[in-house]
1. Which of the residues spanning region 72-93 are of a type in the set (D, E, K, R) and either in a strand (DSSP E or B) or more than 19 Å from the chain's Cα centre (by Cα) (or both)?
2. Test of understanding: among ALA129, ALA72, ALA89, which residue is more than 21 Å from CYS29 (Cβ to Cβ) and touching a Ser or Thr at 6+ places or on another chain (Cβ under 8 Å)?
3. Looking only at region 162-209, filter to residues that are assigned to a helix (DSSP H, G or I) and hydrophobic (A, V, I, L, M, F, W, C); which one of those is surrounded by the fewest Cβ atoms within 10 Å (Cβ to Cβ)?
Amino acid sequence: MEVYGEKPKKFTAKWWGYVWEYYKWHIVCVLFIIFTVVTTFQQCANRPSYDLQITAVTENALALSQTDAITALAEEVISDATGNGVNEAFILPISMNEQSDAQTIQAGYARFTVEITMPEAYVFIVSDAYADTLIESEILESTDVWAGGNADEYLVSLKDNEKLTALGIDTDGLYLGVVKLFEGHQEDEVEKTRQENGVRFGRYLLGLE
């Protein structure tokens, strides 16, 4: 086991100095991850109520004009789940660009983990690098239910999708999934409508309706 220098007695002033000198970057990274997760949970708790949320997990960051255009597309076909008289969609873009610095990448992973652990979205647009993780989370509706696919498939390819390519989005390796309605939401009319909105938007994006 590698030891850095002479290790002083634990919890003494010299020991704290030793830990900081040799492990400061480990400590900084751990604190950053904790901060990111806590901030994400707070944002989720205080997030405004929308008729549909879409989470986009991509290597290439989406431009603001592209996210605005996607929400506008969704608002054309969804219905008012919250009862405020307005169709409102929201897209959460998570950039997983591996050329970014380590802290940005870790923040992206933390955010993605929160989104699949406590899903607020009923639609996911995801790069193929993260498709298996999303499928394994067991939050997705089978495509047999919402897109007429096979019962064992959960994502549909968006390659050459007309609506997204028209927005200048690189669709190679992008997939679309709709989140299922969880058992605890079966009697919740707002959540039922949101899930129906997810199905409707997914089908609309694929040109199925």
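Where a number appears in this text, it was derived from the coordinates with a stated rule and is not lab data. What you are looking at is a predicted structure, and each value in this text was computed from that prediction instead of being measured. Cβ placement follows ideal geometry from the backbone for every residue including glycine, while neighbour counts extend to all protein chains displayed.
1. GLU75, GLU76, ASP80
2. ALA89
3. Within region 162-209, the match that is surrounded by the fewest Cβ atoms within 10 Å (Cβ to Cβ) is VAL190.
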